[in-house]
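Below is one structure; the comments refer to it alone.
The values are calculated or read from the model by the stated rules, or taken from the named source; none is laboratory data. Computed from a prediction, not measured in an experiment: that's the story for all the values here. Note that we place each Cβ from the backbone using ideal geometry, even for glycine, and neighbour counts take in every protein chain shown. With ligands, DNA and RNA removed, areas are computed over all heavy atoms of the protein, side chains included. Shrake-Rupley method; radii C 1.70, N 1.55, O 1.52, S 1.80 Å.
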Amino acid sequence: MTAFDEREKAFEKKFAHDQELKFKAEARRNKMLGEWAAGLLGITGEAVEDYVKAVVRADLAQKGDEDVFQKIRADFDAKGVAVSDQELRNKMQEFLAIAVEQVEASRT
């Protein structure tokens, strides 16, 4: 195997590893976001876990974060929860930063 081939394999492994970490961080973010949103929606008890699962499933609808945003936005609108789009997007970023820290800490 040439040095170029070895380097290419290393980049492929790093890319796959980074994608796995990204997936884990986004899933963790969605869980935290779902718990936060459930609290604002007045969801309690076992229903919180069901709501969190629905938020996590929403992320599989399309590529990117817009599907999660749209799901929670629609739920807030349906229940009259006064959270702006910007506040919701800020929470998504805040929870993603926390999730990334947690995932990175669990690797060491």
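Observations, loosely collected:
- Violating pairs (Cα-Cα greater than 28 angstrom) within the set 63/91; 9/53; 9/71; 22/91; 13/53: 9/53; 9/71; 13/53
- For the chain: relative contact order, % (alpha-carbon pairs under 8 angstrom, 6 or more apart): 33 percent
- In a simple Cβ point-charge model (Lys, Arg +1; Asp, Glu -1; nothing else charged), segment 1-60 has a dipole of about 120 debye relative to its Cα centre.
- Along segment 64-69 the Karplus relation, 6.51 cos²θ - 1.76 cosθ + 1.60 evaluated at θ = phi - 60°, assigns HN-Hα couplings of x, 9, 4, 5, 5, 4 Hz to successive residues, with x for each Gly and Pro.
- Heavy-atom surface analysis with a 1.4 Å probe gives segment 3-82 a carbon and sulfur content of 56 percent of its accessible area.
- Phi-derived couplings, Karplus 6.51 cos²θ - 1.76 cosθ + 1.60 at θ = phi - 60°, listed residue by residue for segment 33-41: 5, x, 5, 4, 5, 4, x, 6, 7 Hz, with x used for Gly and Pro.
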